């Protein structure tokens, strides 16, 4: 486990090398190791990344889906020393190309897959942080509860809709996406 005795600044975090390939988020200046992707969790991430890429190509949008690649600098306690790494991010190809050598700004969609260790942050902290960043759509895919919750940003607040079983998720970013909630939950 990676631990720090002092809080890191954003610049220190970006330059940090803990000597392993294990990724960390930065929360209020403290490193938070991200759990290793269990096989089902990792399979869900890969599946959603592919689904988003195929859908963007089908509707001819210049977008890309990226699994655990993009960090989001997020406000927390009136400070900017928090960086989240969503399980899947969708952004324009133009944004992705512009961000090859610096931090990312997401303007489309992020997805978190809930697990026992992340569900509290996914449902509470990240929801608040992503809304402040004006991310238009935030998905929580929750295999523990067997549901997908899609948060649509309206006037600075997320409106949440839950989907289960065969119900087709309704995305404002990908309105033609025909994806049953249970398909999202498959590994």
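General remarks:
- Residues in segment 162-187 reached by a label modelled at residue 54 [backbone nitrogen below 18 Å; 7 Å Cα→Cβ]: 166-171, 174-187
- Neighbour-count order for 168, 70, fewest beta carbons within 10 angstrom listed first: 168, 70
- Evaluated on the chain, the Kirkwood hydrodynamic radius is 16.9 Å, with distances taken between all distinct Cα atoms.
- Expected 222 nm ellipticity per residue - DSSP helices of 4 or more, -39500 (n - 2.57), all of the chain, to 500: -6500 deg cm²/dmol
- Residues 161, 183, 149, ranked from the fewest to the most other C-beta atoms within 10 Å, line up as 161, 183, 149.
- Nearest 10 degrees, 0 to 90: helix 39-58 Cα axis against the chain principal axis: 60 degrees
- Residue 15-residue 128 FRET efficiency (beta carbon distance; Förster radius 22 Å; 0.05 resolution): 0.20
Every number in this text was worked out from the coordinates using simple rules, so none of it is lab data. Model, not experiment: these values are computed from the prediction. Every residue, glycine as well, gets a Cβ built from its backbone with ideal geometry; the counts of neighbours run over all protein chains shown.
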